[in-house]
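Below is one structure, written out as structure tokens; the observations come after it.
Just so you know, all these numbers are worked out from the coordinates, no wet-lab data involved. None of the values given here were measured: they were computed from a predicted structure. Every residue, glycine among them, receives a Cβ derived from its backbone with ideal geometry; neighbour counts consider all protein chains shown.
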Amino acid sequence: MQDFRERTFQFAVSVGKLILDLPYNVVNKEYFSQLVRSSSSIGANYRAAKRAKSDADFINKLKISEEEADEAVYFLELLREFNSSFRERITGLINEGLEILKILFASITTTRTRINKN
């Protein structure tokens with residue numbers, strides 16, 4: 001399996017490349033800035049989580065990544081509605097975003113379970 005750190009990095013890169021290819025208009029412009037921030041924040045916060053000082057800090061940083069992943073998926077869904085000729089490409093990114101979201105959720109759940117057992 002691909003390293004999750006690399007996977008989140010590649011997701012942000014793929015989102016950035018999509019944005020560079022989409023037409024620049026008033027609607028896309030507003031979604032672009034939100035999407036760039038949220039897609040890159042997933043990996044940045046995951047990296048920070050790997051350096052967490054405690055389990056609580058780890059969970060907190062993963063929760064931020066989870067929220068950012070959900071936000072990225074939302075803005076991708078909006079872009080898909082306004083850019084039908086890119087529908088397949090955007091859907092692929094949405095699916096990857098949802099997979100990342102599931103992994104983050106599972107990591108949070110696993111860590112909470114481990115903490116509660118102690």
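Observations on the model:
- Residue ID - farthest from the chain's Cα centre (by Cα), chosen from residues in the stretch 28-43 that are buried (at least 16 other Cβ atoms within 10 Å of the Cβ) and not hydrophobic (A, V, I, L, M, F, W, C): ASN28
Okay, residues lined up against (1) closer than 18 Å to GLN10 by Cα; (2) surrounded by 13 or more Cβ atoms within 10 Å (Cβ to Cβ); (3) in contact with a helix residue (DSSP H, G or I) (Cβ under 9 Å, 6 or more places away or on another chain):
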residue	(1), (2), (3)
GLU66	yes, yes, yes
PHE82	no, yes, yes
GLY92	yes, yes, yes
THR110	no, no, no
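- Assessment of the stretch 10-17 against the conditions (closer than 21 Å to LEU78 by Cβ, among the aromatic types (Phe, Trp, Tyr) and in contact (Cβ under 8 Å) with a residue 60 or more places away in the chain) yields at least one matching residue.
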